[in-house]
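Asks: Quick one: the structure is below, questions incoming.
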Amino acid sequence: MDEGGMPLLPDSLIYQIFLSLGPADVLAAGLVCRQWQAVSRDEFLWREQFYRYYQVARDVPRHPAATSWYEEFRRLYDMVPCVEVQTLKEHTDQVLHLSFSHSGYQFASCSKDCTVKIWNNDLSISLLHSADMRPYNWSYTQFSQFNQDDSLLLASGVFLGPHNSSSGEIAVISLDSFALLSRVRNKPYDVFGCWLTETSLISGNLHRIGDITSCSVLWLNNAFQDVESENVNVVKRLFKIQNLNASTIRTVMVADCSRFDSPDLLLDAGDQAGLPCRVFDLGGDSEEEPPGPGIKQILPHQMTTAGPVLGEGRGSDAFFDALDHVIDVHGHIIGMGLSPDNRYLYVNSRAWPPGSVVADPMQPPPIAEEIDLLVFDLKTMREVKRALRAHRAYTPNDECFFIFLDVSRDFVASGAEDRHGYIWDRHYNICLAKLRHEDVVNSVAFSPQEQELLLTASDDATIKAWRSPRTVRVLQAPRPRPRPFFSWFASHRR
């Protein structure tokens with residue numbers, strides 16, 4: 001300002017100078033005077049800063065819920081869970097999977113140490129219970145899922161049978177008493193199982209038909225069974241799907257399409273229209289050609305364990321249920337996740353070489369080290385946006401394993417074999433953070449009530465908790481008012 005209080009430089013010139021600065025310098029310059037502070041919050045300035053800093057394609061519009069370019073820049077910088085706040089070391093071997101309760105108050109972890117651990121999720125995470133599954137001839141635990149009202153936990157693992165044969169088994173644990181309520185055999189062991197209703201769960205079994213072909217049978221089980229029963233798998237047959245080309249169902253996921261805006265997914269007009277329905281996403285090795293997730297609708301009358309068991313009343317053994325849809329990913333599926341509204345299916349896939357044809361199903365082409373994170377709209381059954389790519393995997397076809405991903409309202413995260421977890425923004429399709437471990441990151445999980453908290457699990461036998469810079473600032477602030485974003489950003493450049 002001159003002696004008369006007039007600005008020495010016009011706003012337009014200050015704006016051009018600020019365009020040449022980085023975001024931290026713009027924020028710092030805005031502290032000099034009122035004029036600079038006003039220019040430093042200019043919408044066009046922050047639009048340029050946003051596209052340049054995050055390297056977003058210029059044809060991608062601003063998030064529809066954003067109120068300004070400055071606030072959108074701040075959201076991606078300040079509200080991504082990328083600050084490590086706690087490392088949990090109670091497991092003694094590789095940690096394979098994480099799952100949150102729907103309330104977000106608890107989470108479960110599975111490990112090669114053959115335990116299922118249940119944790120209290122508070123400002124400081126603490127161990128609540130550890131269930132050792134070795135007395136039930138389990139080799140390790142690999143997957144867990146809370147039922148809808150968080151009263152029961154489904155845990156899946158590898159069961160060692162006679163003569164060292166291995167198959168899968170699913171256990172149901174009460175979250176009130178931590179008692180083991182039921183055990184259900186599962187084959188192969190990487191059909192992890194999942195909840196269909198609060199008291200019924202889906203398991204799988206594989207039947208060989210010939211040298212190559214087979215069929216996968218999906219069973220509907222009551223969560224309450226006699227744990228000591230010899231016949232633990234007397235249940236209702238839900239679907240029988242023929243597997244071609246030596247393929248099998250690798251995992252089963254249920255999407256509740258009544259949770260997004262079109263409840264008549266896969267229903268013909270006028271045929272039970274308006275009724276809520278659920279859909280299987282059958283991932284891993286394909287059930288049909290082309291390879292990819294298979295989609296199968298479940299009608300309301302099928303969502304109960306009442307009625308015939310073991311496939312009775314379903315016709316001859318030659319009867320197979322047809323899949324409603326198969327999504328081609330032209331590669332090997334190693335993970336799947338649903339958006340919170342159940343509309344979008346995210347798939348971790350390692351692609352086959354372009355143009356390759358699987359001539360011999362027993363010898364598929366080599367898969368890529370790059371993991372493509374594909375997004376499919378379950379309303380249209382089409383791929384949306386471009387594939388997300390940043391993470392990698394190195395194990396070959398016959399050894400590759402699931403790398404679990406998770407999706408929150410704004411973000412998607414995944415583990416990788418390159419010793420990192422990754423976070424992307426769902427709208428802009430950009431990688432926002434790499435989260436370091438000492439070994440393979442197998443699983444990630446967002447808190448369903450607080451997407452600024454993320455957990456990662458690794459072969460290094462640890463679970464890490466990550467919070468956003470904003471949350472860390474609020475939790476650690478010694479004064480009632482937390483340190484503002486612009487001063488924090490200026491001193492903590494990524």
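Asks: Over 26 Å between C-alpha atoms is what I'm after, so list which of Lys296/Lys464; Lys112/Lys464; Lys240/Lys379 land there. Present the calculation step by step, with values, prior to reporting the outcome.
Replies: Values: Lys296/Lys464 36 Å; Lys112/Lys464 17 Å; Lys240/Lys379 24 Å.
Exceeds cut-off: Lys296/Lys464.
Asks: Continuing with this model, one more query. What is the distance in Å between the Cα centroid of the stretch 185-202 and that of the stretch 49-92?
Replies: Distance between centres, Cα-based: 35 Å.
Asks: What residues qualify as long-range amide H neighbours of Tyr140, i.e. H under 5 Å apart, gap of 5 or more or another chain, H built at 1.01 Å from N?
Replies: Val158
Asks: Could you sort Met133, Met253 by accessible area so the largest value comes first, with the probe set to 1.4 Å? Before the final figure, lay out each step's value.
Replies: Working: Met133 5, Met253 40 Å².
So, going from the largest accessible area down, we get Met253, Met133.
Asks: Another question about this same structure. Roll a 1.4 angstrom probe over the protein heavy atoms and tell me the percent of accessible area of the stretch 437-477 that is carbon or sulfur. It would help to have the intermediate numbers written out before the result.
Replies: On the way: 490 of 1180 Å².
On the stretch 437-477, the fraction of accessible area on carbon and sulfur atoms equals 41 percent.
Asks: Mind listing the phi-derived Karplus ³J(HN,Hα) values for the stretch 413-423, rounded to whole Hz, using 6.51, -1.76 and 1.60 with θ = phi - 60°, and x for any glycine or proline?
Replies: Karplus values, whole Hz, x for Gly and Pro: 10, 8, x, 6, 7, 8, 6, 9, x, 10, 10.
Asks: Then there is this: What nm value, rounded to one decimal, do you get for the distance between Arg34 and Thr395 when each label is placed 7 Å out toward the C-beta?
Replies: Once both label points are built, they end up 6.4 nm from each other.
Asks: Counting only protein chains, not ligands or nucleic acids, how are Asp25, Asp281 ordered by accessible area (probe 1.4 Å), most first?
Replies: Values: Asp25 60, Asp281 0 Å².
The residues order as Asp25, Asp281, largest area first.
Asks: Just to make sure I understand: if all protein chains stay in place, what is the order of Arg389, Arg467, Arg436 by accessible area at 1.4 Å, largest first? Intermediate values should be presented prior to the final figure.
Replies: Details: Arg389 145, Arg467 15, Arg436 100 Å².
Heavy-atom accessible area, descending, gives Arg389, Arg436, Arg467.
Asks: Relative contact order for the stretch 1-94: what percent, with Cα pairs under 8 Å and sequence separation of 6 or more? Display every interim value, and only then the final one.
Replies: Working: 48 pairs, mean separation 17.8, N = 94.
19 percent.
Asks: Nearest 20 debye, what's the magnitude of the dipole of the stretch 1-154 about its Cα centre given +1 on Lys and Arg Cβ and -1 on Asp and Glu Cβ? Working shown, then result.
Replies: Values: 12 positive and 19 negative charges, 70 e Å.
For the stretch 1-154, the charge dipole is close to 340 debye.
Asks: Using alpha carbons only, how many angstrom separate the centre of the stretch 341-385 from the centre of the stretch 26-45?
Replies: The stretch 341-385 and the stretch 26-45 have Cα centres spaced 46 Å from each other.
Asks: Here's something else I'd like to know. Quote to one decimal, in nm, the extra length available between Ser174 and Ser139 on full extension: 0.36 nm per residue of separation minus the C-alpha distance between them.
Replies: 10.5 nm
Asks: Follow-up. Taking the dipole about the Cα centre of the stretch 30-163, with the C-beta of Lys and Arg at +1 and of Asp and Glu at -1, give me whichever of Cys114, Gly161, Cys33 is farthest to the positive side.
Replies: So the residue furthest toward the plus end is Cys33.
Asks: Here's a follow-up. On full extension of the chain, what length is gained from Leu127 through Ser356, given 0.36 nm per residue of separation minus the C-alpha to C-alpha distance? Write down the numbers at each step before the final one.
Replies: Numbers: separation 229, 0.36 × 229 = 82.44 nm, distance 4.82 nm.
Between Leu127 and Ser356, full extension yields an extra 77.6 nm.
Asks: Would you kindly derive the ³J(HN,Hα) couplings of the stretch 19-26 from the backbone phi angles with the Karplus curve 6.51 cos²θ - 1.76 cosθ + 1.60 (θ = phi - 60°), listing them in order in whole Hz, with x for Gly and Pro?
Replies: 4, 8, 9, x, x, 5, 5, 4
Asks: Extent of the stretch 1-160 along each principal axis, from alpha carbon coordinates, in Å, largest to smallest?
Replies: Dimensions of the stretch 1-160 along the principal axes of its Cα atoms: 84, 34, 29 Å.
Asks: Under a Cβ-only charge scheme (Lys and Arg +1, Asp and Glu -1), can you give me the dipole magnitude of the stretch 345-449 about the Cα centre, in debye to the nearest 20? Could the numbers behind the result be given before it?
Replies: Details: 12 positive and 15 negative charges, 106 e Å.
The calculation lands at about 520 debye.
Asks: What residues qualify as long-range amide H neighbours of Asp93, i.e. H under 5 Å apart, gap of 5 or more or another chain, H built at 1.01 Å from N?
Replies: Close amide H contacts, sequence-distant or interchain: Asp113.
Asks: Also, quick follow-up: Whole percent per 10 Å bin, from 0 to the bin with the longest distance: what is P(r) over all C-alpha pairs of the stretch 339-440?
Replies: 14, 43, 32, 10, 0
Asks: What number do you get for the stretch 16-79 when its Cα radius of gyration is normalised by 2.2 N^0.38 Å, N = residues?
Replies: Working: Rg = 11.6 Å, N = 64, 2.2 N^0.38 = 10.7 Å.
With N residues counted in the stretch 16-79, Rg over 2.2 N^0.38 Å equals 1.09.
Asks: Rounded to the nearest 10 Å², what accessible area does Phe319 show when all protein chains are kept and the probe is 1.4 Å?
Replies: Roughly 80 Å² of Phe319 is accessible to a 1.4 Å probe.
Asks: Taking the full set of protein chains and a 1.4 angstrom probe, give the accessible area of Ile170 in square angstrom, rounded to the nearest 10.
Replies: 0
The values are calculated or read from the model by the stated rules, or taken from the named source; none is laboratory data. Treat the numbers as computed from the prediction; the structure is a model and nothing was measured. For neighbour counting, all protein chains shown are included, and Cβ atoms are generated from backbone atoms with ideal geometry for every residue, glycine included. The accessibility values were calculated without ligands, DNA or RNA, using every heavy atom of the protein model including side chains. Shrake-Rupley method; radii C 1.70, N 1.55, O 1.52, S 1.80 Å.
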